[in-house]
Amino acid sequence: MTVTTVTTSPIDGQKPGTSGLRKKTRVFMQRHFLENFVQSIIDAIGGVEGKTLVLGGDGRFFNDRAAQVILRICAANGAAKVIVGRDALLSTPAASNLIRKRAADGGFIMSASHNPGGENADFGLKFNGANGGPAPESLTARIHDRTREITQYRILETQDADLSQPGTTSMGGMEIEIVDPVADYAALMEQIFDFDAIRTLLEGGFTLRFDAMHAVTGPYATEILENRLGAAEGSVVNATPLPDFGGGHPDPNPVWADQLMKVMMGRDAPDFGAASDGDGDRNMIVGRGIYVTPSDSLAVLAANAHHAPGYMAGLSGVARSMPTSRAADLVAEKAGIGSYETPTGWKFFGNLLDAGKVTLCGEESAGTGSDHVREKDGLWAVLLWLNILAARKQSVAAIMRDHWEEYGRNYYSRHDYEAVPAEDANALMDRLRGRLDDLKGQEFSGMTVEAADDFAYRDPIDESVAEHQGIRIAFTDGSRIVLRLSGTGTEGATLRVYLERYQPADGKLDLPVQDALSPVVAAAEEIAQIRKHTGKDAPDVTT
Ligand code: G16
């Protein structure tokens with residue numbers, strides 16, 4: 001086996017976005033592309049000589065080939081050991097857990113998350129650090145710089161490693177440990193949640209349906225929900241991970257998980273429905289006849305987490321991304337614990353979690369998690385809901401009703417305008433940025449602007465500053481509009497418009513969501529001239 005140093009040229013401007021680098025699969029498959037990016041990561045983290053790393057991915061097309069390339073490059077760069085999920089599979093939260101449990105120096109996760117998979121779809125690669133969390137901004141900037149100057153990578157010329165069975169093998173001088181992707185993760189879930197209580201709930205006739213969307217959570221959900229907790233066989237649907245996710249879009253929201261929504265809104269709906277995404281870090285929660293928004297879910301979980309053994313002592317604080325509704329803030333305020341507003345991206349929760357300032361975090365983009373790992377965690381959210389349902393012995397709808405009657409309701413929706421030419425989307429944002437000072441005090445749809453800014457965040461732990469994280473427009477009646485450009489798309493720009501309207505506990509709690517938000521939608525159009533800039537009369541996706 002020989003180490004080859006391959007002369008290459010920079011892959012200019014490969015800037016990891018909200019969560020790693022995402023590109024069309026064919027871009028990743030180009031000659032030298034993946035190799036260059038992996039070597040750039042290795043250079044940016046100061047090499048991997050003698051280090052232990054974790055490797056796994058969501059099983060999408062090119063996952064198996066990319067794993068072999070990453071192993072060869074790690075071996076050529078002197079890594080001591082790589083711990084790999086069987087068949088190079090690991091969900092994102094399971095990878096985060098393995099990094100922490102095995103005190104590894106970091107890990108490579110192959111995923112483009114909720115983006116479709118396939119030769120003509122998307123691929124992605126992210127690097128998580130020794131705390132198990134996504135690379136912070138400072139590291140992604142170093143990786144980006146390195147992609148611009150890289151001239152060579154090192155790779156071992158050797159056969160593929162057989163990753164199909166748990167056990168130990170080697171590549172050059174590097175050890176490869178192949179592990180069952182589910183076992184450690186399932187053990188962690190058993191520590192946090194009251195499995196006996198959930199089992200009793202299910203034995204009592206409570207029914208559930210979990211849609212794995214042909215993505216990585218299939219084997220995790222089948223083992224935990226069906227085998228360990230006793231949910232009826234077949235409760236987990238679309239449970240086999242496929243390289244193209246069955247041609248679907250593994251994004252757990254009412255639009256892409258419409259199959260599940262139909263069942264849950266139908267006559268014979270089970271008591272509880274849930275779905276997860278490509279790499280298992282996102283979640284969608286649905287009760288019989290009721291969809292729970294991710295923002296509301298975070299608030300309900302924060303208010304009820306003490307029902308689970310892992311959170312019996314209460315929470316140290318709660319964090320949410322800026323566009324997430326303020327429902328969780330109301331829970332934190334009442335409980336007298338800290339609440340934090342961070343930019344979009346799980347990486348911004350890392351320092352708060354490491355410092356013990358927050359226990360629960362969440363994002364409007366269907367991500368919820370806690371300090372048990374350093375990633376959002378789809379199945380964890382499902383299990384916490386089940387634990388709460390088992391303890392409270394109420395339906396999802398009744399729990400939501402009680403919550404709103406106690407805290408008020410933050411009506412919430414996100415409107416996405418996809419594949420907008422980047423210059424048009426930037427023109428919209430630039431024009432808004434230039435008008436922020438003028439907006440204050442102005443009236444739109446009968447609502448008065450209280451404050452408007454371009455969100456900047458100073459991390460309370462390391463004091464790093466992230467600027468231009470989205471435009472916030474707050475109204476005196478508690479309504480809010482946020483506009484930002486997605487950091488995870490692979491085609492043009494996606495404009496996200498986040499809309500929120502608050503009704504106090506004694507206000508109107510039963511309005512259809514889009515009706516409740518109609519004045520906010522009208523104000524957003526008037527302020528941002530969305531139709532004119534995007535050339536679209538309506539959003540492509542409304543969640
Ligand atoms: C990623 C990040 C999330 C973030 C989301 C935002 O999600 O991990 O923390 O909320 O991107 O996406 P966008 O920039 O498109 O609004 P995931 O699930 O794609 O890894």
Practice problem: Any chance you could look up the accessible area of residue 108 with a 1.4 Å probe, heavy atoms only, rounded to 10 Å²? | Solution: 0
Quiz item: If you rank 233, 525, 49 by how much accessible surface each has, with a 1.4 Å probe, what is the order from largest down?
Solution: 233, 49, 525
Quiz prompt | Among 502, 348, 189 the positive-end extreme of the charge dipole of the chain (Cβ point charges) | solution = 348
Quiz item: For a label point 7 angstrom out from the Cα of residue 138 toward its Cβ, which stretches of the range 334-352 have the backbone nitrogen within less than 17 Å?
Solution: 347-352
Quiz item: Residue by residue through the range 198-209, which ³J(HN,Hα) values in whole Hz follow from phi under the Karplus form 6.51 cos²θ - 1.76 cosθ + 1.60 (θ = phi - 60°), with glycine and proline marked x?
Solution: 5, 4, 4, 4, 5, 5, x, x, 5, 10, 9, 9
Exercise. Within 10 Å, count the other beta carbons around each residue, average over each peptide in 526-539, 286-299, and list them highest first.
Key: 286-299, 526-539
Self-check item: Three-way shape label, the range 2-181, alpha-carbon gyration tensor, a/c 1.5
Solution: rounded
Quiz item: So for the pair residue 244, residue 101, with labels modelled 7 Å out along Cα→Cβ, what separation do we get in nm?
Solution: 3.4
Practice problem: Summarise the accessible area of the chain (1.4 Å probe, protein heavy atoms) by the percent that is carbon and sulfur. | Solution: 46
Quiz item: Nearest 0.05, what FRET efficiency do residue 15 and residue 476 give at R0 = 35 Å with Cβ-Cβ as r?
Solution: 0.35
Exercise. Please give the per residue volume of the convex hull enclosing the alpha carbon atoms of the range 411-543, rounded to a whole number of Å³.
Key: 132
Quiz item: About its Cα centre, how strong a charge dipole does the chain have in debye, to the nearest 20, once Lys and Arg get +1 and Asp and Glu get -1 at the Cβ?
Solution: 300
Quiz item: Charges only on Cβ, +1 for Lys and Arg, -1 for Asp and Glu: so what's the dipole of the range 2-181 about the Cα centre, in debye to the nearest 20?
Solution: 360
Quiz item: Which of the peptides 245-255, 187-197 is most tightly packed, and how do the rest follow, going by the mean number of other Cβ atoms within 10 Å of each residue?
Solution: 245-255, 187-197
Exercise. Indicate the gyration tensor shape class of the chain (rounded, prolate or oblate), computed on the Cα atoms with a ≥ b ≥ c the square roots of the eigenvalues: a/c under 1.5 is rounded; otherwise a/b larger than b/c is prolate and the rest oblate.
Key: oblate
Self-check item: Top positive-direction residue, dipole computed over the range 409-542 with Cβ charges, set 524, 483, 514
Solution: 514
Practice problem: Using Cα centres only, tell me the gap between the range 327-399 and the range 505-543 in whole Å. | Solution: 26
Quiz prompt | Overall Cα dimensions of the range 156-288 - principal axes, largest extent first, Å | solution = 59, 36, 21
Quiz item: In whole angstrom, how long is each semi-axis of the equivalent ellipsoid of the range 151-199, when you take the square root of 5 times every eigenvalue of its Cα gyration tensor and sort them from largest down?
Solution: 37, 13, 8
Quiz item: Based solely on its DSSP helices, what 222 nm [θ] is calculated for the chain when runs of n ≥ 4 H residues each add -39,500 (n - 2.57) and the sum is averaged over all residues, nearest 500 deg cm²/dmol?
Solution: -9500 deg cm²/dmol
Exercise. State the three equivalent ellipsoid semi-axes of the range 185-407, derived from the C-alpha gyration tensor as the square roots of 5 times its eigenvalues, in descending order and whole Å.
Key: 25, 19, 17
Quiz item: Roughly how much of residue 312 is accessible, in Å² to the nearest 10, using a 1.4 Å probe?
Solution: 130
Self-check item: Extension reserve of the residue 65-residue 393 stretch, reckoned as 0.36 nm per residue once the Cα distance is removed
Solution: 113.4 nm
Quiz item: Per 10 Å bin from zero, what fraction in whole % of the C-alpha pairs of the range 345-436 is there, up to the bin with the longest pair?
Solution: 12, 26, 32, 22, 7, 0
Self-check item: Area of residue 320 that stays accessible when all protein chains are in place (1.4 Å probe, Å², to 10)
Solution: 10
Exercise. For residue 83, enumerate residues with amide H under 5 Å from its amide H, sequence gap 5+ or separate chain, H modeled in the peptide plane.
Key: 53, 54, 55, 177
Quiz item: Picking from 273, 144, 468, whose Cα lies most toward the positive end of the charge dipole for the chain (charges on Cβ: Lys, Arg +1; Asp, Glu -1)?
Solution: 144
Quiz item: Can you give the charge dipole size of the range 102-255 about its Cα centre, rounded to the nearest 20 debye, using +1 on the beta carbon of Lys and Arg and -1 on the beta carbon of Asp and Glu?
Solution: 400
Quiz item: What accessible area per residue comes out for the range 185-407, rounded to a whole number of Å², with a 1.4 Å probe?
Solution: 32
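The values are calculated or read from the model by the stated rules, or taken from the named source; none is laboratory data. Just so you know, these numbers come straight off a predicted model, no measurement behind them. Please note: Cβ atoms are built from the backbone with ideal geometry, for glycine as well, and neighbour counts cover all protein chains shown. Remember, those area values only see protein heavy atoms, side chains included, never the ligands or the DNA or RNA. Shrake-Rupley method; radii C 1.70, N 1.55, O 1.52, S 1.80 Å.
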